[in-house]
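Q: I'd like to ask some things about the structure below.
The values are calculated or read from the model by the stated rules, or taken from the named source; none is laboratory data. Everything numeric in this text was worked out from a predicted model, so none of it was measured. Cβ sites come from the backbone with ideal geometry, for glycine too, and all protein chains shown count toward neighbours.
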Amino acid sequence: MSPRSTGRPPRVAEIILSRLYDYSRRYGMLSDLREVHASLCLTHGRRKADLWYWRQCLGALPKYLSYCLAWKTTMLRNHFRIWLRILYRNKTYGFINILGLAVGMTCTILILLWVQYETSYEKFHTNADDIYLIAWERLANNRHYSSTPYPLAERLEAEFSDFTRIVRIKPRERHIIKHQDKVFIEEQTIAADPSLFAMFTFPFLLGESDNALVDPNTIVLTESTAQKYFGDGESLGRLLEVDGVPLEVCGVVRDVPDNSEIRFNLITRFKDLRKVKEYQDPLRWNYFAFHTFVQVKPGIDPLDINPRLTVAMDRYRSWLPSGERDFYLFPLKKLHLYELAGGGLIRYVYLFSFAAIFILVISCINFVNLSTAQSAQRAKEVGIRKVIGSDRRLLLGQFLGESFLYALFSLGIAIVLILFTLPAFNNLVQKNLRFEYLDAGFIIGLLAIFLLTVILAGSYPAVYLSAIQPVKTLRGAFRIEGRGMFRQVLVVIQFVISILLIICTLVVLKQLRFMKHADLGFDEENLLSLPLTQSMSIRVQTIKARLSQHPSIVKVTASAPTNHGGLFRWEGMDPDLSYLENEIWFKMVDHDYFDTLGAEIIAGRSFLKERVSDFRDGFIVNQEAVKLMRLESPVDKALHLVGTDGTIIGVVKNIHAGYKENLHAEVYYLRPLTQWDRYAALDIRIEAGEIPNAMASIEEVWKEFNPDRPFEYAFHDAEIDKKYRQEEQTSRIFGYFAFVSIFVSCLGLSGLVGYAAAQRTKEIGIRKILGAASSEIIVLLNKNFLKSVLLANVLAWPMGWFVMREWLLAYPYRTDLHIGYFVAAAAIAAVIALLTVSIQAVRAATSDPVSALRHE
Amino acid sequence: MKKLTINEQIFLIAIWHLNDEAYGVKIREKIMELTGGDILFGTVYNTLEYLIRKEYVTARKGKTSQNKADNKRVYYRITHHGLRALQEARKLQNSLWHNFPAEATTEIKR
């Protein structure tokens, strides 16, 4: 086709035009324009003609739009007005609908905020995707470890070319920091390699990341730590005394954000401090205290590195025989949510997300039930609309639009509710969540929740209502078909979810109580632990004597920190059990240790002060050790532990900090066996109710020995409570979830029963006139709903059993799933449902039949 | 009967002139010829729609001719009713202009 030929006008423009004017065909406009276009082609050329056509097309747009606006909004306005009228006429239903949806959305949004927070960990590091932690698994017992020895990093550097950077971090250091008259114990300090700041993105406020921690005797502080010591003054280049060594501040970084697993308020170099120096002997392959992070070069698959890593590490046998461990890279971003061995917080993320979605579903079900129950009222409207000429699509739009408005209204209320409940929720999850309106991810999440609600709640009623046939509704009274079967099913689903959540709450609570009230092997109440500082540890016996003189202090004992792993042999040992060398925990204690802790000796005897042999070579083992060593009669058996031969003189009941952790095989002795066996803590048994008195005298002693150090202590029971925070949190959150779900379900149920009663006003009236008692009518109305609750139980029990069994499997010591919890959950749900239904039923049953039957 | 506007009069006259050749493009050309001015397509179709609603003209699909383009055209034809309205308008015009001098000025007559 030559450019001068009489071609057709631009296709797109033609399509647009024919869409704009639906009468364009009728009035022959398209053919006319095509004709003009053709003639223009001949006279002015194709390009000009096309241009002209486009101008015609676009010129028509403004008028078309204003036309649309005028006509389409007329319908919209009408729909909106009808919605408002219906809302006004049925205030209760409107209230139930909106409140239900708002509560459902609030829960879901709160959980969304929490999930978003928990998944945001470490994402602020620019290199987060390439950073991995070196972890390993001991194949003998499938335990996973995240800590590695100090020399590992140097070996990796020498043998692997896959890493851009390697950084070691020694977490959980404790230092006494002094500046002029300010002395604090900093718990959260770390020691790290200087490349830390190249790998992780901790923004510097003062100093530069490139030369931080490079020069000897330097430290990096966080903003708030610098503020603490130097106030508002200049901190760069000033000196801080760390454990008595003056170190220069070479940089100040912004405070570590909450969503970071690597936490510190002060970073020291490895080489500066004596205490830190101890463990950086390049040959010390058996001190597992470091986290080794690697940054993998781009384009290298970490899965590729894992086998090579294991092979390479097999060469360093000083630590574990080869073939017994497996090395792997663990992504930094997974550190917070996943535990090395699997599981971890991610389970709660899923659990709570499901619970939140369940609640949203429950509230949507309410909406569906109430909307379809109300359909009789809308039937006439639908009939008339259809007769006048509305098609089904328009009606679908109308009803979906109504759901949209309900949801929008609820969303508004939900946001207000969140603003009020967020502080309480933060308190519950121990987080500092903020409501970030402008965060893109949050807005997308919010939108998704909103749309999900509209679709879940609105689609069925819209389909159902728009399908109503005008002939049926306009000829006589409209009857709902199917006797509300669908609604019954939805009610059952609601109760299944509620009962499930109640079961979860009860089981989690039970597990919590089980763990908290576990037999810890010692009496944790009124027992105080006091750290021994250097100046105190050389005079332990004096301090003990002085403290025990105090009337409110019952007993005092000393102990060293627990050691882990070492040469371990015993009489008649099965060679298969040599793995226990790595598993054994051992601890130097004072002879009155078990006595003070209240631990029970179940075989043999405790250490005796008078017996020199006890001091020289007496061992006491715990029950777990006896079990693992497979000893029938442990007492008087010969035992060898890290270079010392001795005999077992007694067996003590397992002393542990709760059932959340696995038990360890432990050995206790009196004489130092290793260079680390130094008394490090006192355990002080205080007379019940005398804590303040005792504390005063303990502090006095403390001050005498440590004039420039703050008083530190810990109560055993409080420390143990801390360990159950996660479980306590979970049980509480589940409790609230269960409450909300039951509340919303009952809200809907109440609406449904009220509606059913209203539908059957005449039937109830006639029954009463014929002599039915109120109680019979209450039973009549209750029957159906009770059936649903019973059916819900049948479905919820196996589900609850399955879910909770899975959940409990994560605990080494768990309570069993007693049938009682299921029965209790069923009873709770049934009683609440019964109450809800009965309130409505009583109202219907006690109404005067005359008023029901007068109008006919 | 409602009085015809000048615009409507022009359209009806143009359609009458065109006889059985009255379709969009031709009508527009005729009007431009009669008035000596330009007119938008939009105006053409809007006015035609109005005239149809008022039953001054009728529209029919052109399918008599062998010409393929012709089949898609819509032809307009003035109705009896339209013609009467046009005549009414002419009468009104005539009586309006009857005593109006061609040399009329804005000066006040004494």
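Q: Got a number for residues in the stretch A:26-49 being of a type in the set (D, E, K, R) and facing chain B (nearest Cβ under 10 Å)?
A: 4
Q: Let me ask another. Which one of these is in the same structural domain as A:Leu133 (by TED's automatic domain parsing) and under 30 Å from A:Trp114 (Cβ atoms): A:Val249, A:Val256?
A: One residue alone meets the criteria, A:Val256.
Q: If you go through the stretch A:788-817 one residue at a time, how many are assigned to a helix (DSSP H, G or I) and touching a helix residue (DSSP H, G or I) at 6+ places or on another chain (Cβ under 8 Å)?
A: 16
Q: A further question follows. I need the full set of residues from the stretch A:596-630 which are in contact with a strand residue (DSSP E or B) (Cβ under 8 Å, 6 or more places away or on another chain), farther than 18 Å from A:Asn582 by Cα and of a type in the set (Gly, Ala, Ser), in order please.
A: A:Gly598, A:Ala599, A:Ala603, A:Gly604, A:Ser606, A:Gly618, listed by residue number.
Q: Are there any strands (runs of 3 or more DSSP E) wholly within the stretch A:549-643 with 3 or more residues that are at pLDDT 85 or above and of a type in the set (A, V, I, L, M), and if so which?
A: Result: A:553-559, A:601-604, A:638-641.
Q: Let me ask something else. Being within 49 Å of the chain's Cα centre (by Cα), crowded, with 21+ Cβ neighbours inside 10 Å and over 30 Å from A:Val349 (Cβ atoms): is that true of A:Val740 here?
A: No, not satisfied.
Q: Just one of the numbered conditions (1) within 20 Å of A:Arg671 (Cα to Cα); (2) in contact (Cβ under 8 Å) with a residue 24 or more places away in the chain is not true of A:Asp574; which one?
A: Only one criterion in (1) within 20 Å of A:Arg671 (Cα to Cα); (2) in contact (Cβ under 8 Å) with a residue 24 or more places away in the chain is unmet by A:Asp574, namely (1).
Q: Next question, about the same structure. If a residue counts only when it is under 25 Å from A:Ala657 (Cα atoms) and of a type outside the set (A, V, I, L, M), which helices (runs of 4 or more DSSP H) contained entirely in the stretch A:677-772 have at least 2 such residues?
A: So the answer is A:716-723, A:725-759.
Q: What helices (runs of 4 or more DSSP H) lie completely within the stretch B:1-62 and have 3 or more residues being farther than 29 Å from A:Leu58 by Cβ, in contact with a helix residue (DSSP H, G or I) (Cβ under 8 Å, 6 or more places away or on another chain) and at pLDDT 85 or above?
A: B:6-18
Q: Quick check on my filter: what residues within the stretch A:63-104 are under 30 Å from A:Leu419 (Cβ atoms) and β-branched (Val, Ile, Thr)?
A: A:Ile86, A:Thr92, A:Ile96, A:Ile98, A:Val103
Q: Quick check: anything in the stretch A:133-150 under 30 Å from the mean Cα position of the chain (by Cα), assigned to a helix (DSSP H, G or I) and not aliphatic (A, V, I, L, M)?
A: no
Q: How many of the residues in the stretch A:372-418 are of a type in the set (Ser, Thr, Tyr) and at pLDDT 85 or above?
A: 3
Q: If you take the residues of the stretch B:23-48 that are of a type in the set (D, E, K, R) and surrounded by 15 or more Cβ atoms within 10 Å (Cβ to Cβ), which of them is farthest from the other protein chains (Cβ to nearest Cβ)?
A: Ranking the candidates gives B:Lys30 first.
Q: Here are the criteria: (1) of a type in the set (A, V, I, L, M); (2) part of a strand (DSSP E or B); (3) within 17 Å of A:Phe270 (Cα to Cα). Tell me which single one A:Val214 does not satisfy.
A: Only one criterion is unmet by A:Val214, namely (2).
Q: Six or more apart or on different chains, Cβ atoms under 6 Å: show the pairs whose first residue is in the stretch A:635-646 and more than 10 Å from A:Leu673 (Cβ to Cβ) and whose second is of a type in the set (Lys, Arg).
A: That search, which allows pairs on different chains as well, returns A:His640/A:Arg569.
Q: May I pose another question? Among the residues of the stretch B:72-101, which ones are of a type in the set (A, V, I, L, M) and in contact (Cβ under 8 Å) with a residue 60 or more places away in the chain?
A: Listed by number, the residues that qualify are B:Ile78, B:Leu83, B:Ala85, B:Leu86, B:Ala89, B:Leu92.
Q: Restricting to the stretch A:527-550, and then to whatever is in contact with a helix residue (DSSP H, G or I) (Cβ under 8 Å, 6 or more places away or on another chain) and surrounded by fewer than 18 Cβ atoms within 10 Å (Cβ to Cβ), can you tell me which residue is farthest from A:Ala680 (Cα to Cα)?
A: Result: A:Arg546.
Q: With the checklist (1) buried (at least 18 other Cβ atoms within 10 Å of the Cβ); (2) farther than 25 Å from A:Gly100 by Cα in hand, flag the one item A:Phe425 doesn't pass.
A: In the conditions (1) buried (at least 18 other Cβ atoms within 10 Å of the Cβ); (2) farther than 25 Å from A:Gly100 by Cα, A:Phe425 misses (2) alone.
Q: Name the pairs: first residue in the stretch B:15-38 and more than 19 Å from A:Glu35 (Cα to Cα) and touching a residue at least 40 places away in the same chain (Cβ under 8 Å), second residue of a type in the set (Val, Ile, Thr) and outside any helix (DSSP H, G or I), Cβ to Cβ under 9 Å, at least 6 apart or on different chains?
A: Partner pairs satisfying both residue conditions: B:Trp16/B:Ile78.
Q: Another question, if that's okay. Go through the stretch A:394-440 and count every residue that is of a type in the set (Asp, Glu) and touching a Phe, Trp or Tyr at 6+ places or on another chain (Cβ under 9 Å).
A: Looking only at that region, the number is 2.
Q: Now, a different point. Confirm whether A:Leu69 is away from every other protein chain (no Cβ under 14 Å), at pLDDT 80 or above and either in a helix (DSSP H, G or I) or closer than 30 Å to A:Ile359 by Cα (or both).
A: no
Q: Going through B:Leu96, B:Leu12, B:Leu92, B:Leu86 one at a time, which residue ends up being more than 11 Å from chain A (Cβ to nearest Cβ) and under 28 Å from A:Ser39 (Cβ atoms)?
A: Every option except B:Leu12 fails the conditions.
Q: Ok, one more. For the structure I just gave you, tell me whether A:Val489 is part of a helix (DSSP H, G or I), in the same structural domain as A:Pro812 (by TED's automatic domain parsing), under 30 Å from A:Ala825 (Cα atoms) and in contact (Cβ under 8 Å) with a residue 12 or more places away in the chain.
A: No.
Q: A further question on this structure: Given the criterion crowded, with 21+ Cβ neighbours inside 10 Å, in the same structural domain as A:Ile742 (by TED's automatic domain parsing) and either closer than 15 Å to A:Val492 by Cα or at pLDDT 85 or above (or both), identify the matching residue among A:Ala830, A:Ala824, A:Ala844, A:Ala796.
A: The unique qualifying residue is A:Ala796.
Q: Tell me yes or no: at least one residue of the stretch A:99-114 is of a type in the set (A, V, I, L, M, F, W, C) and under 30 Å from A:Met199 (Cβ atoms).
A: Yes, the stretch A:99-114 contains at least one residue that is of a type in the set (A, V, I, L, M, F, W, C) and under 30 Å from A:Met199 (Cβ atoms).
Q: Taking A:Trp52 as the residue in question, decide whether it is more than 10 Å from chain B (Cβ to nearest Cβ), at pLDDT 75 or above and assigned to a helix (DSSP H, G or I).
A: yes
Q: For the stretch A:450-467, check the following and say yes or no: at least one residue is of a type in the set (A, V, I, L, M), over 18 Å from A:Cys364 (Cβ atoms) and either assigned by TED's automatic domain parsing to the domain that holds A:Phe734 or within 24 Å of the chain's Cα centre (by Cα) (or both).
A: No - not one qualifying residue is present in the stretch A:450-467.
Q: Quick check on my filter: what residues within the stretch A:220-237 are surrounded by fewer than 15 Cβ atoms within 10 Å (Cβ to Cβ) and not in a helix (DSSP H, G or I)?
A: Those that are surrounded by fewer than 15 Cβ atoms within 10 Å (Cβ to Cβ) and not in a helix (DSSP H, G or I): A:Gly231, A:Asp232, A:Gly233, A:Glu234, A:Gly237.
Q: Taking A:Trp54 as meeting all but one of (1) touching a residue at least 24 places away in the same chain (Cβ under 8 Å); (2) surrounded by 14 or more Cβ atoms within 10 Å (Cβ to Cβ); (3) within 28 Å of A:Leu408 (Cβ to Cβ), write down the number of the exception.
A: Of everything listed in (1) touching a residue at least 24 places away in the same chain (Cβ under 8 Å); (2) surrounded by 14 or more Cβ atoms within 10 Å (Cβ to Cβ); (3) within 28 Å of A:Leu408 (Cβ to Cβ), A:Trp54 misses just condition (3).
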